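**Q** Quick one: the structure is below, and I'll ask about it shortly.
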């Protein structure tokens, strides 16, 4: 596809379009660095301080989910096959129960910071090492390929030099990610998500208006609908044909394998969910995203192809139009100057928002799974923060280099793709079985990854391995005899079977070692997270003023976040004390030190809060989405109503503003 | 008379997908990760069932619209 686009490169658009695209880049850079300036700890850098509201995370995930090439790829499928191009966006609900009540509470309450860290705690060190190698190989090369495809798109659409486009995009993304980390990523992706939806909506309406001729949008809608034949109207493709776009293959590859991958092992997405202020907000986010935003996204990314198909039927578009070019062709045809620039800026937004998320994920994997455990164990948090920023710069440089290399050697990316296709199903199955089956053993996790990947890779050379499953579904092989989509089902079955069989013959980890890490022990995880017995009685949130007071906390509990506390005390403790503290923290047994706040006795009654309960204190302006907020622990009550007593350091950590009221909610 | 082939994907998606979905519900209820004695968890269980019905409903309406709302042209658009 990239080759076709490169061959069709030409300059398009007016000066106004170029001005809008440049303004977009400047705006997004400023937006990201502005909102990311509050980043002070690694928890801020990787998880945005774990304080954001569901709608903010949900909207930002639109831009992340609508990734590189989505507009071009799904417009192409919409042009060729009709409305079934929406399939991949509308088959994700089946695994949501596993995520909402399984994986999300496990990783949130166990304070899992990365997928390989889960492997270490649930299985063992060798599984972690294998997971980190797989994920880093995948992510760095995938970012490189995204940079390359983005350069190709910019080159094809605007006629700018391929390498100039790649460098500009990489530099812009790297700057705001290195400065602001996850907070910058979330806020830029919020803006980019809104742009994507708006641009897609505008393109659809203008397309329908174009189809309706003088009759307007309603006539255009009728014209579009009646121009589609029945297969093009249906929401699903043919059951098992054609080989390159059929329902059953896409169901297994995308609806099942990719859904689990997306929800369970996508480090970037996991970090986004962990940036939510609570598990409940994570649940609301997945609900909002899957039920509401994904169907809209399906329309947004496909509509140019749908409109283009109707235009061909109506004689308004050349039937020989290249399907890979249909997005740009239709956009140029129906958009006025300025609007075209806006749509192209949205295309850039889709591409950049994937890169920024993955760049932040690479830094997290390196710091948490390589640097901290193997290179420098017990350094202050500020050291790891600086390392994370350097890794962001170096990782982006490597990815850019790979992107440039891919422009000469596309075979390398194809090999990388085959490697990833082989290792992903076993990795997914290991996480899945680890989270939902207490009997699943470390040996099973390691060998199912190793042998599963080997068998999947072998199926490329021996398609007969996949044939029975393919025949069962009526799937046909490609011209070279291999199977594409249905291999995902084969991979899941093979990895799952190997894992289950080995588990039955090997020794599982003792239950106390995996407490909080599998579904049957989530309540224990919740207790550890709080450091006390959870209290589910709900009260009414209150609005109050913050009063900064050095006496607002008891001396026993420092008014710092846990990481700040660690950074603060690490210079004052003995090496033995430090090792013990790190052991406890790594085993998840160390309840974090939340800043202590004191509420009025009546407010505590209204909130149903008692001393020691967890609270969420945030700026009362809820549209900030938790930007100025902090998790706290309730201390002893005081007499005054609607006043929160808080230590100055906690006030700073929450980036609260003087004279701005806050909203206090009970966490549990 | 068999079910027309264009219905197979719908039945497969909500049949096989439905089995996966029900296994998920059984696991989270069986392990009491979703604890029905908590009001909040009852709400979320309702949300999960609603989400399944939401997609099954959207796709069903989509089929009905494709089949019965304004006649479709015998062939439309470019060759795939």
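The values are calculated or read from the model by the stated rules, or taken from the named source; none is laboratory data. Keep in mind it's a predicted model, so treat the numbers as computed, not measured. Please note: Cβ atoms are built from the backbone with ideal geometry, for glycine as well, and neighbour counts cover all protein chains shown.
**Q** Testing residue A:320 on (1) within 11 Å of another protein chain (Cβ to nearest Cβ); (2) assigned to a helix (DSSP H, G or I), one condition comes back false. Which one is that?
**A** (2)
**Q** A further question follows. Go through the residues of region A:504-511 one by one and say whether even a single one is in contact with a helix residue (DSSP H, G or I) (Cβ under 9 Å, 6 or more places away or on another chain), on the phi > 0 side of the Ramachandran plot and at pLDDT 80 or above.
**A** Here is the first cut: in region A:504-511, the ones in contact with a helix residue (DSSP H, G or I) (Cβ under 9 Å, 6 or more places away or on another chain) are A:504-509, A:511.
When the remaining residues are screened for being on the phi > 0 side of the Ramachandran plot, the result is none.
Among the residues of region A:504-511, not one is in contact with a helix residue (DSSP H, G or I) (Cβ under 9 Å, 6 or more places away or on another chain), on the phi > 0 side of the Ramachandran plot and at pLDDT 80 or above, which makes the answer no.
Results for (1) at pLDDT 85 or above; (2) out of contact with any strand residue (DSSP E or B) (no Cβ under 6 Å at 6 or more places or on another chain); (3) closer than 21 Å to residue A:267 by Cβ, shown as yes or no for each residue.
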| position | (1), (2), (3) |
| --- | --- |
| A:8 | no, yes, no |
| A:58 | yes, yes, yes |
| A:72 | no, yes, no |
| A:93 | yes, yes, no |
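**Q** Just to be sure, is residue A:174 within 21 Å of residue A:32 (Cβ to Cβ), in contact (Cβ under 8 Å) with a residue 24 or more places away in the chain, surrounded by fewer than 24 Cβ atoms within 10 Å (Cβ to Cβ) and out of contact with any strand residue (DSSP E or B) (no Cβ under 8 Å at 6 or more places or on another chain)? First the steps, then the outcome.
**A** Details: within 21 Å of residue A:32 (Cβ to Cβ): yes; in contact (Cβ under 8 Å) with a residue 24 or more places away in the chain: yes; surrounded by fewer than 24 Cβ atoms within 10 Å (Cβ to Cβ): yes; out of contact with any strand residue (DSSP E or B) (no Cβ under 8 Å at 6 or more places or on another chain): yes.
For residue A:174, the condition - within 21 Å of residue A:32 (Cβ to Cβ), in contact (Cβ under 8 Å) with a residue 24 or more places away in the chain, surrounded by fewer than 24 Cβ atoms within 10 Å (Cβ to Cβ) and out of contact with any strand residue (DSSP E or B) (no Cβ under 8 Å at 6 or more places or on another chain) - is met.
**Q** Within region A:214-221, identify whether any single residue is under 30 Å from residue A:618 (Cβ atoms) and in a helix (DSSP H, G or I), and answer yes or no.
**A** Of region A:214-221, the ones under 30 Å from residue A:618 (Cβ atoms) are none.
Within region A:214-221 (the criterion being under 30 Å from residue A:618 (Cβ atoms) and in a helix (DSSP H, G or I)), the answer is no, since none of the residues qualifies.
**Q** So, residue A:70, is that one more than 14 Å from chain B (Cβ to nearest Cβ), farther than 30 Å from residue A:654 by Cα, within 17 Å of the chain's Cα centre (by Cα) and surrounded by fewer than 24 Cβ atoms within 10 Å (Cβ to Cβ) or not? If you could, list the steps in order and put the result at the bottom.
**A** Working: more than 14 Å from chain B (Cβ to nearest Cβ): yes; farther than 30 Å from residue A:654 by Cα: yes; within 17 Å of the chain's Cα centre (by Cα): yes; surrounded by fewer than 24 Cβ atoms within 10 Å (Cβ to Cβ): yes.
Considered against the rule, which asks whether it is more than 14 Å from chain B (Cβ to nearest Cβ), farther than 30 Å from residue A:654 by Cα, within 17 Å of the chain's Cα centre (by Cα) and surrounded by fewer than 24 Cβ atoms within 10 Å (Cβ to Cβ), residue A:70 comes out as yes.
Each row is one residue, and each column tells you yes or no for (1) within 8 Å of chain A (Cβ to nearest Cβ); (2) closer than 24 Å to residue A:88 by Cα; (3) within 20 Å of the chain's Cα centre (by Cα).
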| position | (1), (2), (3) |
| --- | --- |
| B:37 | no, no, no |
| B:45 | no, no, yes |
| B:52 | yes, yes, yes |
| B:62 | yes, yes, yes |
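**Q** Give the residues of region A:337-356 that are over 15 Å from residue A:198 (Cβ atoms) and surrounded by fewer than 22 Cβ atoms within 10 Å (Cβ to Cβ), sorted by residue number. Write out each step before concluding.
**A** First, the residues of region A:337-356 that are over 15 Å from residue A:198 (Cβ atoms): A:337, A:351-352, A:354-356.
Scanning region A:337-356 gives a single hit, A:337.
**Q** Assess whether residue A:356 counts as being touching a residue at least 40 places away in the same chain (Cβ under 8 Å) and under 19 Å from residue A:270 (Cβ atoms).
**A** Details: touching a residue at least 40 places away in the same chain (Cβ under 8 Å): yes; under 19 Å from residue A:270 (Cβ atoms): yes.
It is true that residue A:356 is touching a residue at least 40 places away in the same chain (Cβ under 8 Å) and under 19 Å from residue A:270 (Cβ atoms).
**Q** Let me ask something else about it. Please specify each residue of region A:291-316 satisfying the condition of being surrounded by fewer than 24 Cβ atoms within 10 Å (Cβ to Cβ), over 30 Å from residue B:47 (Cα atoms), touching a helix residue (DSSP H, G or I) at 6+ places or on another chain (Cβ under 9 Å) and more than 9 Å from chain B (Cβ to nearest Cβ).
**A** A:314, A:316
**Q** Being within 14 Å of another protein chain (Cβ to nearest Cβ) and under 26 Å from the mean Cα position of the chain (by Cα) is the filter; apply it to region A:524-549 and report the residue that is surrounded by the fewest Cβ atoms within 10 Å (Cβ to Cβ).
**A** Result: A:526.
**Q** Examine region A:234-248 for a residue that is in a helix (DSSP H, G or I) and away from every other protein chain (no Cβ under 14 Å), and state whether such a residue exists.
**A** No, every residue in region A:234-248 fails to be in a helix (DSSP H, G or I) and away from every other protein chain (no Cβ under 14 Å).
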